[in-house]
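What follows draws every value from the coordinates through simple rules; no lab data is involved. Not measured: the values here are computed from a predicted model. Neighbour counts run over all protein chains shown; Cβ positions are idealised from the backbone, glycine included.
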Amino acid sequence: MENLAPSRLLKTRQGTIVVGVAAAVLAAILLLVYLSHYRSSVKGSTEPVTVLVAKRLIPKGTTGSAIATKNLFVVTTISKGQLKLGAISDPAVLSGSVAAADIYPRQQLTTAAFTAASTGALAAQIKGTWRAIALPPLDAAHGLSPDIQAGDHLDIYGQLNGNLGLMMANVLVLASPTQPAVGSTAPVSGNYILRVPASKAPRFAFIGQNGTFWLVLRPATGAHGTHAVSLPKASIFEGGQ
């Protein structure tokens, strides 16, 4: 039998048929492998998984503990294909971290959206003419403790010598007696720490030393303006002179 070289084999009809059949078999194998991988990927992308999703706006600097205690997220089930890179499914992951940027409603919580908390975070929240001032310890009635937390906004009333008046509206709480400043890993101070303008800090210090504070919690969103009202003892009740 004549020994045909590869180049000569391709020139024969028999060689052409053999090469064609081999190519068809290889193509069929590759197609089967592709379809198998495709089905696996489709099945994997539609597999349900759980993820934490923001319930409402989470401002930059909000601690992971505040997000958890205030229920600022919901656990949602989505398909695996919709899962963002680094998506968080376990609330414990939020411990010891703060939001690195604003997180918007219905946005998935991801590891990239958070950074490690630091102990110098209080000073980072004030700049320019803003100052941080601590109020003296308040009872539950005057301070709404433990409901008021860091990140809340308040209307602050001061009471001195029987007179009650609005000291400042829409005051940001930097720390509460049960929660450190947003983004801080420092221990709690046991006091409310507020952000106030430098021009009003002496008034807060004076009332703290000589009078009493009343903290009024504002809505998280959609709060309307607060009217400045001063009430001497005789005009507190309707019909007073």
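Side notes on the structure shown:
- With contacts taken as Cα pairs under 8 Å at a separation of at least 6 residues, the range 58-100 carries a relative contact order of 73 percent.
- For the Cα trace of the range 54-130, dividing Rg by the Kirkwood Rh returns an Rg/Rh value of 1.01.
- Potential lengthening between F206 and A28 on full extension [0.36 nm per residue; Cα-Cα distance subtracted]: 55.4 nm
- The label point for L35 and the one for A220, both projected 7 Å from the Cα toward the Cβ, are 5.1 nm apart.
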